[in-house]
Amino acid sequence: MDLFDSHCHLDPMRYLDELPEVVARARAAGVSGMAVIGTRAIDSEAAADLASREVGIVAAAGIHPNDVGEVVAGEWDRIVALAESERVAAIGETGLDWYRDHAPKDVQREWFDRHIRLAQRLSLPLVIHTRESIADALAMLREAIARGPLAAILHAFTGTAAEAAEAIDLGCHLGFAGMVTFRSSAQLREVATTVPIDRLLVETDSPFLSPEPLRGRRNEPAHVVHTARCLALARGCPPEALAAATAANARRLFRCR
Ligand code: NI
């Protein structure tokens, strides 16, 4: 199988000196591509360094909505510098999180808007986190797309079929993470079957949300195979075909070889 983990956080703080083994296990499991996503300037820079060393790894630079209340002086300039350096393939992780109240809504909206405008200015795809906020995020994306083109990825999608349809109408790609494999997620699996194959992505969101049967353990890109198999089963297609199609989507979006 040829797999692409379209969303993982492989910052050295979380994996310490194990990172080479984590990448090796991913490759052994058929994961030839990984998008390593930043949440602050420091891990965005680490992601860009990893991407410069490893074939098939791309990086995204951004400040996570849960962290926008703690941005330090000069931090946004570092994100912009990374984005302009062509060392990153995407902008994010950005978005809106109404579940956690780490930062006020208006602050989160302002930072999401900044990331949207940066992605549009540099023609880079935007990696979006939503939690109990899909309708508001889609409204902001609709406004942005009225101004100009924007390639958006709704990562770890957990919305309804109607929300998925609206996102697809806006040209978004939808990433599915470990939650879709949980026994209790029959409805989400059903939603995943409605996504056109050319808009579908698989991801781990490592180190969080390990898929079944590894639930509860620290997640890593090698585990994306379980999510791909689960989606293939739900959609009634061979796992190899689903893996190849989602990997092709990720390579097209992140413009990798
Ligand atoms: Ni994430």
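Criterion first (within 14 Å of the ligand (Cβ to nearest atom) and out of contact with any helix residue (DSSP H, G or I) (no Cβ under 9 Å at 6 or more places or on another chain)) does H64 satisfy it?
Spelling it out, H64 is indeed within 14 Å of the ligand (Cβ to nearest atom) and out of contact with any helix residue (DSSP H, G or I) (no Cβ under 9 Å at 6 or more places or on another chain).
Sort out which residues of segment 156-197 are in contact (Cβ under 8 Å) with a residue 60 or more places away in the chain and in contact with a Phe, Trp or Tyr (Cβ under 9 Å, 6 or more places away or on another chain), and write them in order of number.
Result: A156, G175, A177.
I'd like the residue in segment 186-198 that is assigned to a loop (DSSP other than H, G, I, E, B) and over 15 Å from A228 (Cβ atoms) and, out of all such residues, is farthest from the chain's Cα centre (by Cα).
Filtering first and then ranking leaves T194.
Tell me which residues, restricted to segment 119-129, are touching a Ser or Thr at 6+ places or on another chain (Cβ under 9 Å) and part of a helix (DSSP H, G or I).
Selection gives A119 alone.
Among the numbered criteria (1) assigned to a helix (DSSP H, G or I); (2) more than 14 Å from the ligand (Cβ to nearest atom), which single criterion is violated by H115?
Result: H115 passes all but (2).
Residue check: is A46 within 15 Å of the ligand (Cβ to nearest atom) and surrounded by 15 or more Cβ atoms within 10 Å (Cβ to Cβ)?
Criteria met by A46.
Only one of (1) closer than 22 Å to S85 by Cα; (2) within 14 Å of the ligand (Cβ to nearest atom) is not met by S52, so which one is it?
With respect to (1) closer than 22 Å to S85 by Cα; (2) within 14 Å of the ligand (Cβ to nearest atom), S52 is out only on (2).
Going through P221, P211 one at a time, which residue ends up being crowded, with 23+ Cβ neighbours inside 10 Å and within 13 Å of S6 (Cα to Cα)?
Step by step, each of P221, P211 is checked, and only P221 is crowded, with 23+ Cβ neighbours inside 10 Å and within 13 Å of S6 (Cα to Cα).
Considering each of L209, L214, L201 in turn, give the residue that is outside any helix (DSSP H, G or I), free of Cβ contacts under 8 Å to residues at least 60 places away in the same chain and within 16 Å of the ligand (Cβ to nearest atom).
Being outside any helix (DSSP H, G or I), free of Cβ contacts under 8 Å to residues at least 60 places away in the same chain and within 16 Å of the ligand (Cβ to nearest atom) holds for just one of L209, L214, L201, which is L209.
Keeping to segment 171-208, report how many residues are surrounded by fewer than 18 Cβ atoms within 10 Å (Cβ to Cβ) and of a type in the set (V, I, T).
Residues in segment 171-208 being surrounded by fewer than 18 Cβ atoms within 10 Å (Cβ to Cβ) and of a type in the set (V, I, T): 3 in total.
What number goes with the only condition from (1) modelled with pLDDT of 95 or more; (2) surrounded by 14 or more Cβ atoms within 10 Å (Cβ to Cβ); (3) over 14 Å from I153 (Cβ atoms) that H102 does not pass?
(1)
For segment 103-112, which positions are in contact with a strand residue (DSSP E or B) (Cβ under 9 Å, 6 or more places away or on another chain) and part of a helix (DSSP H, G or I)?
Scanning segment 103-112 gives K105, Q108, R109, W111, F112.
For every residue, the table says whether it meets (1) within 16 Å of the ligand (Cβ to nearest atom); (2) of a type in the set (K, R); (3) under 18 Å from the mean Cα position of the chain (by Cα).
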residue	(1), (2), (3)
V23	no, no, yes
R27	no, yes, no
A59	yes, no, yes
V71	no, no, no
V80	no, no, no
E86	no, no, no
T94	yes, no, yes
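Select from segment 155-178 the residues that are touching an Asp or Glu at 6+ places or on another chain (Cβ under 9 Å) and either aliphatic (A, V, I, L, M) or assigned to a helix (DSSP H, G or I) (or both) and write down the one among them that is farthest from the ligand (Cβ to nearest atom).
A161
What is the one condition in (1) surrounded by fewer than 22 Cβ atoms within 10 Å (Cβ to Cβ); (2) free of Cβ contacts under 8 Å to residues at least 60 places away in the same chain; (3) farther than 19 Å from H9 by Cα that A119 does not satisfy?
It is condition (1) that A119 fails.
Filter segment 127-182 down to residues that are of a type in the set (D, E) and out of contact with any Leu (no Cβ under 8 Å at 6 or more places or on another chain) and give me whichever is modelled with the lowest pLDDT.
If we take residues in segment 127-182 being of a type in the set (D, E) and out of contact with any Leu (no Cβ under 8 Å at 6 or more places or on another chain), then E132 is modelled with the lowest pLDDT.
The values are calculated or read from the model by the stated rules, or taken from the named source; none is laboratory data. Nothing here was measured: the structure is a model prediction, and the numbers come from that model. Note that each Cβ is placed from the backbone with ideal geometry, even for glycine, and that neighbours are counted across all protein chains shown.
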